[in-house]
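Below is one structure, written out as structure tokens; the observations come after it.
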Amino acid sequence: MQFTDTIQTLPETERIPGPMSLEPILKTENLWKLYHAGKVDVPALRGVNLAVLPGESLAIMGPSGCGKSSLLYLIGGLAQASRGRVLVDGNDLSTMSDAERTKLRRHKIGFVFQRFNLLPTLSAEGNIAIAQHLHGDGFDPHRFDVVTKMLGLEGRLKHKPSELSGGEQQRVAIARAIINEPKILLADEPTGNLDTKNSEIVLAMLRQLNKDMGQTIVMITHNPEAAAYFDRIVHMRDGVIVDGVPTD
Amino acid sequence: MMGHLVYRNLLHRPLRTLIGMTAVAVEVALVVLIVGLTSGLLTETAKRIEGIGADIMLQPPAASIFLGFSGSPMPIKIADKLREMKYVQSVSPALLQFSSSGGVDVLYGIDRDSFRAVSSGFVFLEGRDMQGPDDLLVDDWAAKAKHIKLGDKFRILEHEWNVVGIVEHGKGARLFVPLATLQDLVGARDKASIFLVKCTRPEHTGDVTEQIRHILPGYTIRPLKDFLSLMTSTNIPGLEGFINAMIALAVAIGLLVIFLSMYTTVIERTRDIGVLKSLGADKGFIIRALLAESAMLCCAGIVLGVGLSYGLRAAFLAAFPTLSILITAGWLLKAAAIALVGALFGASYPAWMASRKDPVDALLYD
Ligand SMILES: Nc1ncnc2c1ncn2[C@@H]1O[C@H](COP(=O)(O)OP(=O)(O)O)[C@@H](O)[C@H]1O
Ligand SMILES: [Mg+2]
């Protein structure tokens, strides 16, 4: 991973995007996260170095409590690092204010969670549309149709989350996460609450997103079979990455 | 889109929304009815006093415009002095007695002939003018409210009166008895609470006022023409404060219920707030969404409250026909504005609290 050191952060407009670019879309440098539990500091991350190239799909595996979710929250700008840097599409999150990280998240990050986390009062359609609204460009019917068709949600859009199966809810959550074409899709055990059949559907869709549309994906999983759907797998233990060798 | 989210959120917990709306409705109705009742009562009383038809009313020093509560009576001889004045056509003394048995009433003890001279006289709907010492005249509203009929015996001030006439309302009081009888009854022989003065022409009111002021310095002299403008809550000691206190109380109810409702909403939706933040919603969005929710709830409550005000007024007027409750567009708007400000204020702390939630903690909340 030596090449990453020479890369300079250029303004977005001056860079050539696309899967051929060698510049990581996402990079962490010696990333630390400490939680304060009473008077003691609990280190969840202890110097994570990670680089993800545009168009790459990466699975992060590791035992419970090793810091996977913490890493994802830092990458997505939901939390502030204790030490080290996170670079998303050339932007250094560690130097950004809360409001700036929120804005970055709005434009460049999509989240998918284990618990689906759909807004219970809105229909499937409303859950996807609110992401478009928050993005700021308003409702884009064309993009909406493309995404909902791709995820097979056409018949289910008027339903509330409580009226959808787990698999359907997670597909709505994926639609919501990608509706604004984020640079990076972050998924935290997206199949953790699904049965085998629905897990396979969701994983196949994530892979399709990556292969057909070049969506960069970072996914956390416990499950080696799930991880196998992805280009590259890294393993974490006790707050550090214990390998990082590309699988291909 | 935010409107849709807010609307859906309100529908999600219909009972909580209904309770919040009801609290706002009660707040609005309380404000509208308290103000409406006092201003209705004042306007109606003022109109009745104006309607006597006299030009000037003389009262003892420092007398209240609430006539029933006027201070110690004046010697009746004053009437003679007034009659001697230039431009004075007629003078009528009246003794006012406040009675609280079976409702609040002001009884006018009047001298039949001079009262007829200063006023344009009663319009008799039934019966005749008073002749005997125990005769009682009742106006149509009081007759309806108290179910008094012509020829009835009516007890007030521990005295039995004969109802000899039903007169049209609008002549000062609702109940009239002979002056002498009332003076004896209340132990105020040769006394009067007010003198009503009729000038030869209305334009002479100022002149006559000057003359009275000259011989009776310190006495309260009121031209009846602008009695209506005097009868406002600001002119009645304590009333303004009382109304304001009642409004504050009503606002406190609305504010506390909205606060509690939004506070529980924010706690209940902790994870949703985390989700919105993960989607890139900033603090402003969260605050706006919750304030909008409170405002929407409040607006529904205001509509309900306006309906409630008219409904309660109708019910009160059916039960108490002599009441007068004035609902004005101005006060409906004011009550609505007060409620809206209260609702935004009540929601502001919960909204602020929500906007500050840590997104990761919020996402992990069950
Ligand atoms: N908010 C928190 N406060 C204190 N400790 C935390 C907090 N969140 C996570 N941790 C701790 O940090 C470590 C890593 O947690 P996490 O990132 O959730 O791991 P994983 O997702 O791999 O299970 C664990 O030991 C966990 O107990
Ligand atoms: Mg986790």
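Can you give the FRET efficiency to the nearest 0.05 for B:T234 and B:A314, using r as the Cβ-Cβ distance and R₀ = 25 Å?
The computed FRET efficiency comes out at 0.30.
Beyond 20 Å, what percent of the Cα pairs of the range B:288-366 remain?
52
Please list, ordered by chain and number, the residues whose modelled amide H lies under 5 Å from the amide H of B:V88; skip anything fewer than 5 residues away on the same chain.
Distant-sequence amide H within range of B:V88: B:T200.
Using only the alpha-carbon atoms, what does chain B span along each of its principal axes? Please give whole angstrom values in decreasing order.
So the three principal-axis extents are 91, 46, 32 Å.
Applying 1/(1 + (r/R0)^6) with R0 = 22 Å to the Cβ-Cβ distance of A:N193 and B:T264, what FRET efficiency is obtained, to the nearest 0.05?
Values: r = 27 Å, r/R0 = 1.24.
According to the calculation, E is roughly 0.20.
Semi-axes, largest first, in whole Å: what does sqrt of 5 times each Cα gyration tensor eigenvalue give for the range B:234-366?
Over the Cα atoms of the range B:234-366, the semi-axes work out to 39, 15, 12 Å.
Rounded to the nearest 0.05, what FRET efficiency do A:H107 and A:A228 give with R0 = 22 Å and r taken as the Cβ-Cβ distance? Could you check?
My answer for the efficiency is 0.10.
If you roll a 1.4 Å probe over the range A:154-202 with all protein chains in place, what percent of the accessible area is carbon or sulfur?
The nonpolar share, carbon plus sulfur, comes to 42 percent.
Just the Kirkwood number for the range B:1-58, please: inverse of mean 1/r across all distinct Cα pairs, in Å, one decimal.
Taking the inverse mean of 1/r over all distinct Cα pairs, the range B:1-58 comes out at 15.2 Å.
Among A:K108/A:K149; B:K144/B:K334; B:K144/B:K225; A:K108/B:K283; B:K47/B:K146; A:K183/A:K211, which pairs are too far apart, with a Cα-Cα distance over 24 Å? Please report the intermediate quantities before stating the final value.
On the way: A:K108/A:K149 22 Å; B:K144/B:K334 34 Å; B:K144/B:K225 29 Å; A:K108/B:K283 18 Å; B:K47/B:K146 21 Å; A:K183/A:K211 14 Å.
Violating the 24 Å limit, Cα to Cα: B:K144/B:K334; B:K144/B:K225.
Quick one: what do you get for the range B:61-218 if you divide its Cα Rg by 2.2 N^0.38 Å?
1.06
Considering every residue in A:115-126, what mean count of other chain Cβ atoms within 10 Å of its Cβ is obtained? List each step's numbers first, then the result.
Values: counts 5, 1, 7, 2, 10, 7, 12, 7, 2, 0, 0, 4.
Going residue by residue through A:115-126 and averaging, the value is 5.
Enter the Cα centre distance for the pair the range B:242-317 and the range A:110-140, rounded to the nearest angstrom.
Their Cα centres are 25 Å away from one another.
Once Rh for the range B:215-296 is found with the Kirkwood sum over Cα pairs, what is the Stokes-Einstein diffusion coefficient at 37 °C and 0.692 mPa s, in µm²/s?
187
Please compute, for the alpha-carbon atoms of the range B:1-148, the extent along each of the three principal axes and give them in descending order in Å.
For the range B:1-148, the Cα spread along each principal axis is 80, 35, 26 Å.
In Å and whole numbers, how far do the C-alpha atoms of chain A stretch along each principal axis, longest first?
Each principal axis gives a Cα extent; for chain A these are 47, 41, 40 Å.
I need to check one value: relative contact order of chain B, counting alpha carbon pairs closer than 8 Å and at least 6 residues apart, in percent.
Across chain B, relative contact order equals 30 percent.
Mind checking which aspartates and glutamates have their C-alpha under 14 Å from A:K27, skipping anything on the same chain fewer than 8 residues away?
In chain and number order, the partners are A:D5, A:E56, A:D89, A:D92.
Based on alpha-carbon positions alone, could you give the equivalent ellipsoid semi-axes of the protein assembly as shown from the gyration tensor, as √(5λ), descending, whole Å?
Semi-axes, largest first: 85, 23, 19 Å.
Run the quick spin-label model on B:M1 and A:E100: label points 7 Å from Cα toward the beta carbon, then report their separation in nm to one decimal.
Distance between the two pseudo-spin positions: 2.5 nm.
The values are calculated or read from the model by the stated rules, or taken from the named source; none is laboratory data. Computed from a predicted structure; not experimentally measured. Cβ atoms come from the backbone with ideal geometry, glycine included; neighbour counts cover every protein chain shown. Ligands, DNA and RNA are stripped out before the accessible areas are found, and what is left, the full protein with its side chains, is counted by its heavy atoms. Shrake-Rupley method; radii C 1.70, N 1.55, O 1.52, S 1.80 Å.
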